[in-house]
Amino acid sequence: MKYQIGRFSAAGEPFVGALVDRGVVSLGVGDDLPAALSRPDSWLRPALEGGRHFGLDEVETLAPLDPASRVFAVALNYRDHAAEANSKPFPRPLFFYKPPSSFVADGGLLDLSPELTGELDYEGEIAVVLGRSCRGVTPDAALDQIAGVCSLMDGSARDLQMLSTASGPIHDWLAGKSLERSSSLGPTIVRGPEVDAALRERRLRINTRLNSELVQDAGIDELVFSVEELVSTLSAYFTLRPGDVIATGTPGGIGAARGRFLRQGDSLEVAIPGVCSLSIGVGELLPAPPR
């Protein structure tokens with residue numbers, strides 16, 4: 001059995017719920033996503049039976065990301081992506097941070113931010129979401145800390161990501177990876193025994209379609225650093241918390257390698273086959289905030 005837990009809004013009020021066949025059921029924790037993720041499946045069953053039911057036409061889907069949670073991503077964690085970037089995998093995971101404001105929900109529109117970048121790129125990834133607080137966890141125990149998985153699209157402004165200096169180009173991870181509404185996460189966090197088994201057995205795959213064309217396709221068995229190593233490494237640096245998200249890396253096939261960046265009117269689908277599929281559009285132009 002699989003549970004699809006996410007954030008939704010009804011009449012302007014956000015809440016944590018679970019997708020069911022005919023709609024969404026509130027889990028009775030308000031908008032506290034970490035609280036829902038930290039509880040076992042045995043709690044979910046009665047919560048679903050007793051929760052308030054909403055029709056799909058009554059709710060808006062929000063990105064399944066608590067405003068206080070953090071998103072960590074890892075660079076060059078597939079060898080084919082490292083090769084297309086004319087680089088080699090690093091000797092240890094190289095992480096960067098993405099703020100919650102970067103993410104739009106399933107069905108949303110990415111902002112091309114043409115005033116800042118002309119090279120917004122896609123990176124489809126499998127993301128794992130923490131269900132427990134942990135510090136210094138070993139790789140053997142790392143998967144026990146995970147509540148579920150979801151699809152993630154790491155929007156990357158390539159022209160901002162590389163900064164020319166007198167000693168040569170360097171990466172500006174903040175500028176390149178943090179633009180508002182440049183990425184997406186969702187549609188929900190999927191958990192349950194089937195997902196747990198696929199994660200442990202390294203059977204999950206990620207594929208990305210740009211305007212229905214398959215442009216990325218790889219499995220987590222191809223990662224340079226496994227999900228277990230990523231969780232363990234991050235937890236050595238600081239305490240991970242329920243609701244924190246770890247993006248596991250993107251495979252080869254990015255737009256920069258194809259010479260094709262995102263354009264207004266494009267559509268993207270980032271899928272973990274058999275688990276979930278995230279669909280977003282491209283090109284919403286947001287007005288500049290007032291000064």
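Pairs meeting the criteria (first residue in region 58-70 and assigned to a helix (DSSP H, G or I), second residue surrounded by 13 or more Cβ atoms within 10 Å (Cβ to Cβ), beta carbons under 6 Å, at least 6 apart or on different chains) are Glu58/Ala10. Mind checking which residues of region 117-136 are closer than 21 Å to Ser178 by Cβ, in a loop (DSSP other than H, G, I, E, B) and out of contact with any helix residue (DSSP H, G or I) (no Cβ under 7 Å at 6 or more places or on another chain)? Scanning region 117-136 gives a single hit, Glu123.
Listed by first and then second residue, the pairs linking a residue in region 32-49 that is buried (at least 18 other Cβ atoms within 10 Å of the Cβ) to a residue that is of a type in the set (Val, Ile, Thr), with Cβ atoms under 6 Å apart and 6 or more places separating them unless they lie on different chains, are Leu33/Val16; Ala36/Ile5; Ala36/Val16; Ala36/Val29.
Asp266 meets all of the listed conditions (1) surrounded by fewer than 23 Cβ atoms within 10 Å (Cβ to Cβ); (2) in contact (Cβ under 8 Å) with a residue 60 or more places away in the chain but one, namely (2). Would you confirm whether or not region 102-109 contains a residue that is more than 30 Å from Trp173 (Cβ to Cβ) and either under 23 Å from the mean Cα position of the chain (by Cα) or modelled with pLDDT of 95 or more (or both)? Within region 102-109 (the criterion being more than 30 Å from Trp173 (Cβ to Cβ) and either under 23 Å from the mean Cα position of the chain (by Cα) or modelled with pLDDT of 95 or more (or both)), the answer is no, since none of the residues qualifies.
Number of residues in region 26-65 that are touching a Lys or Arg at 6+ places or on another chain (Cβ under 9 Å) and under 26 Å from Met153 (Cα atoms): the value is 11.
The values are calculated or read from the model by the stated rules, or taken from the named source; none is laboratory data. Note that this is a predicted model, so its numbers are computed, not measured. Glycine also receives a Cβ, built like all others from the backbone with ideal geometry; neighbour counts cover every protein chain displayed.
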